Every structure is written in C-alpha cells, then in structure tokens.
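K.L.:
Supplied in structure tokens, the structure appears directly below.
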Amino acid sequence: MPSITATALRERMERDLPGVAVATRPRVVEAESKPKAKGKHAAERPDFLATNDTVVVADRLRDAAIYLRDACGYTYLSDIAVVDYLDDGLFEIVYRFYHLDDGDALVIKVRVPRDAPNVPSLTPIWPGADFHEREAFDLFGIVFEGHPSLIRIYMWDEFEGYPMRRDFPKQGDKYIDE
Amino acid sequence: MYDVVDYVLNTTFNLGAAGWVVSLISYLMIATVLFLVAPLQMLFLTYYERRLIARMQDRVGPNRVGPEGMFQPVADAVKMFTKEDIIPAAADKWVHLLAPLVVVAPTMFMFAVLPWGPGMTPIDMHIGLLFFFAVSSISAVGLMMAGWASYNKFSLLGAMRAVAQMVSYEIPAMLSLLAIVMITGSLSIVDIVQWQGGLFISSSDVAGVPNWGLGWFVFNPVGFLAFAAFFIAALAEGERTPFDIPEADSEIVAGYMTEYSGMKFGLFFLAQYVLNFLLCAITAVIFFGAWQGPGVNELYALGITPDNPDGNGWFNVLAGVLGAFYFLFKTYAFFFVMVWIRGAFPRLRVDQLMDFGWKYLIPLTLVNVFSAAIWVGFNNWGANEGFGFAEPLGDLGRWAVAFVLTLAINIAAYIVMTRIYGETRRVTFDEQLADTAGLPS
Amino acid sequence: MIKTEELQINIGPQHPSTHGVFRMLVTVDGETIVDLVPVFGYLHRNHEQIAEVNTYLQNMPYTDRLDYFNSMANNQAYAMVVEKLVGIEVPERAEYLRVLMVELTRILNHAGALGFLINDMGAWQTPLAFGMREREKILDLFEMASGARMMCNYFRFGGVVRDLPPAFMPLLKDLLVALPAFFDEFERLLCENEILLQRSEGVGVLPKDLAISYSVTGPVLRASGIPYDIRKAEPYSIYDRFDFDVPVGSVGDVYDRFLVRVEEMRQSLRIIEQVLEQLPDAEGDHINPKAKQNVRPPVGDAYARIESPKGELGFYLVSDGSEKPYRYKVRAPSFINLTPLGDMCRGYKVADVVVILGSIDIVMGEVDR
Amino acid sequence: MTIQFERGKVVVIDRGARKLRVGQGMLKGMAVVWHHWLKSFQKLDNFSKTAGVFTVEYPDERIKLPEAYRNMPILLYDDETGQELCTACFQCQRVCPPQVIHINQARNPETGKAIPAAAEFIIEYDACMSCGFCAEVCPFDSIKMDHEFELSTEDHAELTMNKAQLSRPVSYYERIAPTFWAEVKASAYKKLQNSVKRRVDLIGIAPQMVEKVKAMRAAAAESEATEAAPSSAPTKPSAAETSPATDKAAKLAAIRAANAAKQDAGNGGTSTPEAPAGDDKAAKLAAIRAANAAKKAAESGEGSASVAPAAPEAPAGDDKAARLAAIRAANAAKKAKDEQENS
Amino acid sequence: MELLIQIIFFLLAALILGAGVMVVAVRNIIHSALWLIGSFFGVGALYLLLEAEFLAVVQVLVYVGAVSILILFAIMLTRDVSGQGERLLFQRWWLALLVAITLFAAVITPTLLAQSWNVVPPTGPIEPGQPTGIAGALELGRGFVHEFLLHFEIAGVLLLVALIGAIVIAFEERNRRRKVLTLAEEHELRKRREQTSDANASESALSAPGHPISQSE
C-alpha cells in the first residue's frame, strides 16, 4: 500500500537526490478563509508560490521523475498542468504521478522564468506525456527540450502567440478584428 | 412475343412485314418491358430494405411520403434527378461519365434469361446460366473506370477492392453452380428449373415422385452446400454486408462512388440494387426452383403449350401469375435474408475477405463438385459408365445412398474446413513474432 | 522484386467514422499502415481560457459541453474540485444521487460507444440502435431530474439542483428490468460473432506495460490488463460503500476493450441497484445549498478526479481568492487516450484504424476543448 | 496481478478462446435480430421492454415533457393585474454564463428614482445555453424556463427577445410545471405585492397587458368617477415610441458614441449619445465599439477626476437590437466608471 | 433478316476496327485499355451473330470480364495512376504499323488462299454423317476430352506453369518481406532482445521508452 505524502516525498528526495528539490514556503491551510472586502481583492496580491508539494529544479526534472517511478513506484504520469504566474514572472508546471495500486497523487512542480521557459521533456520516458507537453507548448509556449515533435496541437501552425498566457490580449487581437 | 407481333402486324393489319422486322419489334417490346421492370424493382427494394432494417432496429423507417411511405423511393429519385452533377476538376470527364453506364447496362442484360413463370423466359438460351455470369462480370470494368476516372484515392482504393472482390468471388460462385450443372447436364436456365419438379426428391432423379414443384436443389446435400456457398458469394458480388468492403463508409467514405453525385450516383445505386435483385432471383431460380411450386405445373399443363396446342389460354395466364408469384416471393425472401444479415453483422476486412474466398469457399465448393459427381454417378449412370453395381438398389435406393454419402462428405468437409480455417485465423503471438524475427531494430 | 509505393491518405476531418472533426494523416503501404499522425484542434475553443473569465458557478454548464456524452460525469468532477478547494461537505443524499446519475451515464456512454464501435466495423446501425434505445430511456430520466437530456447541468457545489421527481423512481425500476435483458441480448448479438472476432481479435494491441507509460486511462487501460479504477484506487464520493468488480482484459486488443465495456455496464448496474437500496435511508434535506454557489475559495490549488466512463477525468484549479478561477485545467481522458493511437495502428490495415479509434472511444468536444 | 479490493474483485474477462467456432455466433446474432423484427409491430411503451418500436413520430406524436424540462427563459406576469414579477434585481444578468441577459431598470419619469421593475429586458436566445441558472437564482420567481422548443426562424435577429416576447402569464407556467409553481406560489405573490406597492402608473405591467390594464383602469376610474371626482391618471407608456431608422444610422451612431467617449477622456465632459435603432448587427457592433471606447477612455483619462463616460439613455427606437446595444454600452460605461473610481 | 444481319455485321466490324485503331492511337494508356475492351466486346457480339453463343459468352467472360480487368490492374499498379506518361511506341508508329501489317498478312493470306468461296451455307437439319461446328458447350466439352485431349492438357500445363511463375515472381522471401511491426510486436521484440543481450542492462533500460515496469516485486 503506497502511502507517500507530499512532505514525506520531499524528505526522501532530499535524502536520495540531494539538490533536486527547491526550498519553498509551506502553504498554511487557513481554517476559515478570511472574508474579503468586495472590489478590494486587487489590492493585496495572492501568495501563489507557497506550496506543500515538492518543487524541483528544472534541469533535474527527469531524475526526480525517474526517482518517483523506480524508487517510489509511482509509475503512472497522469497530468501535466501549466500555470502562468504573471505577477511573479514564473510558469509553474505541475506533474502528477500515481501509483497503480492505490492512493493519492504525488505532485512535483517545476518553476521556470517566463522569459526562458525551458523544461526537459518527459516524452522519451513516458510516451503519454506527448500530448500534454504539446498542449503546454501550444497554449503557453513552454519549450520541452528533447521532445520528438514539439509542434502546435490545437492552434494552427501559423498562429502567433500563446493564447493561454495571461498577457495574451483577450480582445481585439488580429484574428478577432477581421 | 414473336407470334403475337406477327399476328397483329401480318394478319390483323396485313402489313406484310418481313420476319426480321417482326423479330426486331418483338425484341424491342420485351426489352422495353424489362427495362421498366428493373428500375421498379430497384425502387421497391430500397423501400423494402429500409423498412425492414428499420423494423429490425426497433425503428419505423420511412413512412412519410405516401401511404406507409410507399413513395419514399420516388421522392429519393426526384432528389437524385434534381441534384447538381459534380465532376471533379481533375477527373477524366468521359470515362467518369461512361462508368455508371457500363455498370448499369450489364445488369439490364441479365434480365434476358430470367424465368418469370412457366414459358415466361424472355430468351431461352441453352447457355443461359453462363450468359448471366458472363454479363455480370462486365460491370467490374465499369467500377474500375469509375474508380480511376474520379482521381481520388478513396475511389481508386474502393474500385480496386470492388474488382478484386468480384473477380475472386466469381470463382466459388461458378464452382458451386458447376455442381448443379453437373447434375442437370444443362446450362439452360429453363432446363434447370424444369429439373426441380417433384416433392423434396426431384422427379428427374427418381421417376414417379409426385410432381408438386418442390424438388428443389436445396433439398439435397450437394445442392444445399452449393446454395450456401453461392449465396455467400452472391453477397460478395452484390457488395452486401458483410462483404460491403468496396463502399465501406466507415473506412473509404463511399469507395468508387465517392466523387459521384446526382443521377450518376443514382445509376450506381440502381445498378447495385438491380444486381442484388438479380442475384436473389438467380439463387431462387437455381436452388429453389424459380416458379416451381404446388399448382403451377398442373395449371400450365391445361394451357397452351407446345405439347398441348389446344389448351385454354387463361390457364397460361393463371400459371404465369402463380409462377411469377412464387418466383418473386422466393426472390424477396432472399432479399429479406440479405437485409437480415445486414442488420446483424459487421463487415469483414479486405484481407479477411480474400482469405475467406480463396482459402475457405473455393476448397469447400471443390469438395462439393466431388459430391456432385457421386450424386450424378449414383442417380444417373448405369452399367455403361461403371455404375452397374448400383442398379439393383432401384431408383429410390440409389437416391438414398447418394444422399447419405454426399451428406456425410459435405458435413465432414464443412467441419474440417471450418476448423482449419479457424486455426489459421488464430495465429499465436509467438508465431507472429517468428515471422518477424531478425528484423532491423 | 515487386516494390510498392507508400501513399498518404487523409482520413478526416470530414469523414464518417472519425467521431467528429478529427483528422488522421495516414501513410499506407498497400493497405498496411506505416505511420499515422492524429491531427485535431478543429473544435478548439479555449475552454480553459473561457473558464478563467467566468465565476466558479458559471463554469458548471460549460463542463457539460466537454464530453457531451457524459455531462453528468463532467459535472461531478468539477463540483468535486471546487468542493475540495473551498471545503464544502456534500449531504449524503446528494452523494447518492450523484453516484446514481454518473453510473447511469456510464451505461449510456458504453452503450453508445460500443454501438459506434460496431458501426465502425461496418454493421449497419443495429447494435447502435439498440444502444441508443437504452440511452434514450436514460436520457428521459436525466431530463426528468435535471431538465435537459444531454447538457444536464445537474450538479451544484455541495449538492445537486433538485431531488428526484416522484415519477422518477418507478421508471428507473422499470429500466433496471430492461437493462440486464439488454446486456444479455447485446452479448448474444455480438460477443461470439465470428466476424466481430475476426475484426477485433489481436487488433490494436496495447501491451500492459506500454499502457502505463502511455498514460491511457479507463476501459482502455483496464483492457490492457491493469485493474486501475479510480473508484477503487482512490474512492471518492461514496464509492467505498458499494460492491462492484473491476473487469480487466488479458490481451489489450479491441476485443478486450469491447468486453470490458460490456462488463462495466453490468457492474454499473450493480452499483445502481445498491444505490436504490440505500437511497431511502440517506439523509440530507438541503441538497441544493443555494447559498454556497457564489464561492470564493482561499488561495491555493486543488485537483480532483473521477473515473468518468472514458477514463480519468480530472480538474485542476488554482484560486487567487477571487470569485473566478485563476487557472482551470481539464485532464481530459479522450485527449490522453488518443496518444497511443498512432503507434497502436501501425502495422494494421486501413480498415482497422477506424476500429481502433472507435475502441478508444473519444469525444472531440473533450479532445479539442 | 493479484490486487484485492475491499469490496469486489478484479475479474479477468473470458475471451472464450478455446471455443469451437463454426458459425454458431453469427446464427445467434441473427436470432436476436429476428426477435426484434417480430417484436417491432408493437410499441415500446414501457421502460422495462427491450423490444418494440421506440420511435416517437415527432410532429404527430409528442412526449410529455417533464416539469423540470428547461429550454429558454421566460418572464412571468400576473394574469389579472398584468404586473410583472420581475423587479430588475440583476441577479440573473450577473449569473448568466454566456451573458445574454440585459436589463434596464425602470425609473420614475418624474423623480428619476428606481422602480422595482424592468424597463426593458432582453435575452438573446441565440446565444443562450439553457443552463437554467437565471431561473434558479431569481429571488422573485419571475424568470422561469420555458417548455417551448420550436424556435427556429429564418431571421437570426428574431432570436433576440424583448420583454414583450418574453412575458408569459403565470397561468401558462402553472400549466407546464404545476408542482414547481405550487411550491413557490405563495412567496412569489407576496413579493409581488411588495414591489407593486412601489410601482407607479403602468410601469411594471407586461407589455401585452398594457392596453388591457389601461382599459381596466379607465373603467375603474369611470366607475369611480360616477361616485367621486375624476382623478387624473397620467398615462405615459414606458415603452418607447417607434422611430424609423436604418442601419446606416446605427453605424453613424456608433461612430458618434465612440467619438464622444474619446472626447470624454480628453475633456471630461458629459455626453449622452443615443443608441439608435436599426440593423441589429450594426447596433451590436456599435455597442461593442462604444463600450470599448468608453473603457479606453476610462483607462486613459486617469488624470481627470470626474470622467463621466458615455452613458446612453433609454433608446430612442423600438428596435430591440438597438436597445440591446444601448444597454450594453451603458453597462460597459458604468463598469468603466467604476474602475475609474477604484483606481 | 439477311439485311438486318448484314447491317449489324458492318456496325460490329466498324466497332471492332475503330476500337482497335483507337487502342494504338490514343495517348492515354488507360483509354487505350478501355478501347481494347470495346474491341473485345465487339468480337463477342460477332460470335453471337455467327450463332456461336457459347463462344460469345466465353469471350465476354474471359476477355471482357477477366483479361481486360487484369490489364487494367496491371496498368494501374505499375504505372503512375494518372496515366499521363508518354508512350514509347508512339514515336515510331510507322514501324509498328509495318510490323502489324506484316503479321496480319502472314495470318490472313493462307486463310484467304485456302478458302473456297461461295459455298452455299447448309440449310435445314444437319445430316448425321456431316461434322457439326463446335459451338455448344456440350460439343466443346466432348472435343476437349476426346479429340483435342493432348492440346487441352498441354494448355492446362502451360497455365499451371504460368501460375507458378507468377507466384515465384510475386513471392518474397519471408525475411526480406517488408513488414510493419505493430506496437505489441515491437515491444515484445525489444523486451526479448533486452533479456538476451544483457542481464545488467537495467540501468540503460531505465530511459528506454516503454520500459517494462516492475509491477509486483
């Protein structure tokens, strides 16, 4: 019965793979969300970067993933999600692994700067990461190094820009105006 | 028909027309009638099929145009006529135009030898059966033309499949007919029908069997296996499920018809349904005695026949009506089976289709030819041919021995062939790998 | 010796059996597939972007449109993730209703998917018509409960829209009589049909270990022999209260996928029967907590997944504390199950491509998003 | 793999690999189809049946729609008094996912104060996704989901519904959803009484009832007049008069609106461009342009303290598209103004 | 009747000759094959006119139904499908014409010389002693197994040889045949190769795609 929690994973990883995990602020789960004044939410910036999951260095992503697979038995790569933290100047890529017997996911996150979003590709190891990574490339412009065919998956090939980035113009871009 | 026209022209109007004029006119009249029958059959069959298959699928089917949707095919035809005729820019215009004609024309020819009732065969050729299949093979050329002229990969693929399928399945069809021809000793369709009088035992095999018109070929083992093989081959030739591979809509859109629209498409459709009708009809003719049935022979004997020129013409009409009724009933019953199969089965893959034809049906029909030889030997041959030992058994005894022998051979052949075929289909993974051993990595 | 040329064929985007606007760029050698590249995106509408402009509640009807065959399952996954993010408890009765609806969805999805699969094999609509007949009945029930047949929009955060109408239960009980008969009939019609066996045995094999590395989910994964069912592996909702089996295949071909789906329908039926036993005891008066719909979750992220009929359907939400999600990501099973399509088709015939595609069971609304 | 689950087990499917197959499977399948063919002469009228025709021959035969069925939203008004249940609380407009509901609050023509009724209520049926949220959130049970689904039209613009087209009597809804209405009837009427108190004249009367109510009131007034002194009843219909307009005019107006908004950004003055009637496409375009311009104006004109953006008044024409445009422009302007004030 | 038959004969002859000329005259090779089919068909009709029904039907069955299809198949499978390629023979058409005329003359001259013309065609019932023309299926069959048995057998052996030859040409040796591996086969092969090649290859196998995952240790 696999039962590795997020904190246990961080500890194990620090022990077995030193230098892979990045130190992060832990997220404190508030018992009750503070009621905020309406219309004022823009005033204070939400703290996105605090997390309980393991954040790994982008270059060592493959090591961490293989460690999850072979040492922890989390063989099933379920999901790759990208979040654009525009204010922090970061892309966060969330990898979600499952054990095939049971249990919750183990999550590893990679944070890359928005101006150089390069991450090693997992497709050579998990062919199932193919479409996830192509989608992330198409919509966010994350470049997965080592991906066999990193081409657009949804948008047409001539499309310029990455539509899911938060600074992509929502209205009045050249395709809508016509 | 010749007599009637001759009588009208030369006796009633006293025109003194030459013999060839009379022939020409009478043939033209027969042809006109048949050309009218063919499209009507097609119209009816489309309606019949749609209603039937709808019922099999718990639906109602077309029931809006006319009473119970009877005029739905007419509406469809009108739609076909009014649709725009599109010719692809890259297509070969003339071949594209000619292809549907080449496909339709042979199916019309094939009506020439179809017996509708006693004495109601348009042309009694002594090689009628061969004529039927020779002409049906022409339409393959049309399909090829259609596929090539459309300049479309799907069309070409469909045409290749269609032609390969037609050519392949002609062989088992012919072989199963060969068994029948061996028994009757004639290629004439009229003779074959005549042979099938009797009551479960043909009166040609055993003299003295009451002639109720029920001595059909299916009632003996040779005929039954031939019938099964022939019907399967007919499904393939008529491109019916599970062999509707040339126009497999889920794979190659519409096969050779992909680039056709409007009336040209309609012509393909017409050809297909007329061909289906003809295949059902010929199955009924060869294995189910066409118009043979209780009462027809008796009625016909009272009418005007070559043997009995003084008979009453009304009995001819009665016999004709009853015979045509039996014939059409059998034909539509076979079409029902076709629709039924269409309602129940998926289709085979193209390589499986070829395998089935070449590795299963052809050997099976070959065995059947052997059985037919035994049948003929026991029933028809005497001491001259070396079957003197069978004579003491008497007619019925010889028939019984032949029946048991051929039945045993055919059942054994069926089971053995099916098992062998089944085994070849089920290749184990290791065997597959052995095929590919030593491949580049 | 005789050499054959390779030919490139576009199957789709307008093709009868690509299950929507989906294109397969096929390289064939004769009739054998050498290479296949799936091309899609024709239905892309940037669903995730739309969701970031809407409030949490407003996204609920949009999830209906993802996998339009199984709107109930989509609703459940989305409701679950928001409930996880905000921390809403769901009343027991509502949970039962949810399970009931999602299991009915599974039956209708598989009935339709198998029908379409057999249609792709060339059957002329009959299995599909039989499947659709049962699907219609289930859709009638959905309409009665939620007000719509396909775009149900039945789930709310912390509950469902409304309780079942009084006319619902008798009809459902009638349906429970019909369904086993339908399954038996479906098996008799197809499971032993020699033609179907020829078409599906050994076709599109996805070996066990590759199935894992390809991240396929749902019936496709289970047909490859891996007993991974989220309802068992990570029991959400109240699935730990029901007895049901997980059918797995042994070879991983189209035939296994077919049989696994048939068996899954039977298991869903078992669950529904248990729901009906336990439902009257289940409590919960306020199954539609109207007050909880305008949620403002705390800053953070959450992921919730369910075993939708097509596989693992997951929603990933990042909240910035406002009434609209900061990031909304759908992990769509159809989309991920398409990954091995190209490799799975290699070496088979053109006619097998559509069958393999049909056995994956995709819905383009979910693939393209 | 031997995984044991807590309840239930892993079942490896039996593929029947060792069976002899000589065509019996195909015969079985044909038997099933035959059975269905035989049964197809009766109807499948019961959910427990699996055979029989299940086609509903639609135009001739209609299934009874369940009460919960939801197609497009409608507005309810009281049968007798013609009072609309809607109070223009904007809840539905706020919750609508595709943003197709547009409301204009009615105002007292004399005092300019808001009245709990909608001056105009527009729903774009063509973009509505029938989610039913509007009916769910409506605190006054005024907006409900219709059962009418034959809405096809030759003209796309006809699917933009105004208040007159949306209004239905309560009795209609009671007929299609009796139990639903029975649950909320009491509270709905109570709330209606409250809002009727704050309404003046004919404001808040369903458009199709206006004439009738007028006549009724006149009759009432007459009968009253026979007893007492005649009371002056100023009748000023809230529905605007018709004004013929072309789409050219709409475009012109759009440009004017945009220009005006731009100007506002510069000088901080106030202008009220009138959204004209006309071709709805042009009008919508105009609205969007106006809204954008207003937004831009609000963004750029940060220095000026009192930027009053383009706030078009009630539309001049009766064309609903134009009104829709006007409402949109107004809302956008309002939003822009809000943002301006916030920043 | 005579007149009608003559008219029909000339029409058919014109069709056959015209089609034959078109076979060599048109540039598109597919059209050429289609004209050839027309020519075959005309010959079949001519047989019918000669009241050799069986031959006519066999002509249609064999030439139109089978041979021409084979020709079309061969053309389509070996050439560019568009069929727009130049034909080599077309450049020296006069040479081809010369050869054709010579060959035709070589065949027709002895026939013309040996033929005794103006024989009154036999009318009425055929007398028992007179040899009958071989036109029906029955006579043909008897001819094959009695008089012309040797020819028949030789033709059969020839066809068999041709059949075997075709198989030899088309057959490719198993290991040289191009086979596209399916995913499962590829995976199985790789697995076996890994097993046999190295026992301690587990490290390199880690990064290989589709690495078999140790499920239950």
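What follows is calculated from the coordinates using simple rules that are stated; it is not laboratory data. None of the values given here were measured: they were computed from a predicted structure. FYI the Cβ positions are ideal-geometry reconstructions off the backbone, even for glycines, and counts take in every protein chain you see.
K.L.:
Enter the mean number of other protein chain beta carbons within 10 Å of the beta carbon of each residue in C:49-55, as an integer.
P.N.:
Numbers: counts 7, 2, 0, 3, 3, 3, 3.
Average neighbour count from other chains, rounded to a whole number: 3.
K.L.:
Let me ask another. Based on alpha-carbon centroids, what's the gap between the range D:131-166 and the range B:376-391 in Å, whole number please?
P.N.:
Going from one Cα centre to the other spans 89 Å.
K.L.:
Cα-Cα over 23 Å: which of C:Lys137/C:Lys173; B:Lys79/D:Lys43; C:Lys292/D:Lys113?
P.N.:
On the way: C:Lys137/C:Lys173 12 Å; B:Lys79/D:Lys43 31 Å; C:Lys292/D:Lys113 33 Å.
Long pairs (Cα-Cα over 23 Å): B:Lys79/D:Lys43; C:Lys292/D:Lys113.
K.L.:
Which of B:Leu302, B:Tyr332, B:Thr32 sits closest to the plus end of the dipole of chain B, meaning its Cα is farthest towards the positive end, when Lys and Arg get +1 and Asp and Glu get -1 on the C-beta?
P.N.:
The listed residue farthest towards the positive side: B:Tyr332.
K.L.:
With each pseudo-label sitting 7 Å past Cα toward Cβ, what's the C:Glu136-B:Ile304 distance in nm, one decimal?
P.N.:
A separation of 5.7 nm, rounded to one decimal place.
K.L.:
Between the range B:115-153 and the range C:285-324, what is the C-alpha centre distance in whole Å?
P.N.:
Each part's Cα centre sits 67 Å from the other's.
K.L.:
Oh, and also: Between D:Gln193 and B:Glu84, how high is the FRET efficiency from 1/(1 + (r/R0)^6) when r is the Cβ-Cβ distance and R₀ = 51 Å? Nearest 0.05. Let's see the in-between values first.
P.N.:
Values: r = 64 Å, r/R0 = 1.26.
Once rounded, the FRET efficiency stands at 0.20.
K.L.:
Applying a 10 Å radius around every beta-carbon, put B:397-408, A:89-100, C:22-33, B:275-286 in order of their mean neighbour count, most first.
P.N.:
Ranking the peptides B:397-408, A:89-100, C:22-33, B:275-286 by packing returns B:275-286, A:89-100, C:22-33, B:397-408.
K.L.:
Along the charge dipole of the range C:184-235, pointing to its positive end and built from +1/-1 on Cβ of Lys, Arg, Asp and Glu, which listed residue (C:Pro219, C:Leu197, C:Ala233) has its Cα farthest out?
P.N.:
It is C:Ala233.
K.L.:
For the ranges C:63-73, D:44-54, B:33-43, what's the packing order if you count other beta-carbon atoms within 10 Å of each residue, average per peptide, and put the highest first? Intermediate results must be reported in sequence, preceding the final value.
P.N.:
Working: C:63-73: 24.5, D:44-54: 18.4, B:33-43: 16.5.
Most protected by this proxy first, the peptides run C:63-73, D:44-54, B:33-43.
K.L.:
Also, quick follow-up: Using only the alpha carbon atoms of the range B:83-363, find the Kirkwood hydrodynamic radius as the inverse mean reciprocal pair distance, in angstroms to one decimal.
P.N.:
Working: mean 1/r = 0.0506 Å⁻¹.
It is 19.8 Å.
K.L.:
Could you go through the range E:24-38 in sequence order and give the Karplus-derived ³J(HN,Hα) for each residue, using 6.51 cos²θ - 1.76 cosθ + 1.60 with θ = phi - 60°, rounded to whole Hz, and x for Gly and Pro?
P.N.:
For the range E:24-38, the Karplus-derived couplings read 8, 8, 6, 7, 6, 5, 5, 4, 4, 5, 5, 4, 4, 4, x Hz, x marking Gly and Pro.
K.L.:
Let me ask something additional. In nm, give the distance between the simple-model label positions of C:Asp184 and B:Arg64, each being 7 Å from the Cα along the Cα-to-Cβ direction.
P.N.:
Using points 7 Å along Cα→Cβ, the separation is 3.8 nm.
K.L.:
Further, regarding this structure: In the range E:1-82, if every C-alpha pair distance is counted and binned at 10 Å from zero, what percent goes to each bin?
P.N.:
Per 10 Å bin, starting at zero, the Cα-Cα P(r) for the range E:1-82 comes out as 20, 42, 28, 9, 2 percent.
K.L.:
Rounded to whole Hz and in sequence order, give me ³J(HN,Hα) for the range B:95-103 from the Karplus expression 6.51 cos²θ - 1.76 cosθ + 1.60, θ = phi - 60°, writing x for Gly and Pro.
P.N.:
Result, rounded to whole Hz: 5, 4, 6, 6, 3, x, 5, 5, 6.
K.L.:
Next question. Of the listed peptides A:124-131, B:351-358, D:105-112, what is their order by residue-averaged count of other C-beta atoms within 10 Å, with the highest listed first?
P.N.:
Values: A:124-131: 23.1, B:351-358: 18.5, D:105-112: 13.5.
Output ranking for A:124-131, B:351-358, D:105-112: A:124-131, B:351-358, D:105-112.
K.L.:
For chain B, give the magnitude of the charge dipole about the Cα centre (Cβ charges: +1 Lys/Arg, -1 Asp/Glu; no others), in debye to the nearest 20.
P.N.:
On the way: 21 positive and 32 negative charges, 205 e Å.
I would put it at about 980 debye.
K.L.:
While we're looking at this one, here's another question. Past 19 Å, Cα to Cα, is the threshold; run B:Lys93/B:Lys153; C:Lys310/D:Lys49; B:Lys153/E:Lys179; B:Lys264/B:Lys330; B:Lys330/B:Lys359 against it and keep the listed order. Don't skip to the end; give the middle numbers.
P.N.:
On the way: B:Lys93/B:Lys153 17 Å; C:Lys310/D:Lys49 28 Å; B:Lys153/E:Lys179 23 Å; B:Lys264/B:Lys330 31 Å; B:Lys330/B:Lys359 30 Å.
Too far apart for the 19 Å limit: C:Lys310/D:Lys49; B:Lys153/E:Lys179; B:Lys264/B:Lys330; B:Lys330/B:Lys359.
K.L.:
Let me ask another. Name the residue from B:Ala89, B:Ile123, B:Ala179 whose Cα lies farthest towards the positive end of the charge dipole of the range B:83-363, charges +1 on Cβ of Lys and Arg and -1 on Cβ of Asp and Glu.
P.N.:
B:Ala89
K.L.:
Pull up all non-local amide H partners of A:Val55: gap of 5 or more, or a different chain, and H-to-H distance under 5 Å with H placed in the peptide plane.
P.N.:
Result for A:Val55 returns A:Val22, A:Lys109.
K.L.:
To the nearest whole number, what is the average tally of beta carbon atoms from other chains within 10 Å of the beta carbons of peptide C:141-154? Present the calculation step by step, with values, prior to reporting the outcome.
P.N.:
On the way: counts 2, 2, 6, 5, 2, 5, 13, 8, 1, 0, 5, 1, 8, 2.
Across the residues of C:141-154, the mean count of other-chain Cβ atoms within 10 Å is 4.
K.L.:
Residue by residue through the range A:158-163, which ³J(HN,Hα) values in whole Hz follow from phi under the Karplus form 6.51 cos²θ - 1.76 cosθ + 1.60 (θ = phi - 60°), with glycine and proline marked x?
P.N.:
Residue by residue, the range A:158-163 yields 7, 4, 9, x, 10, x Hz.
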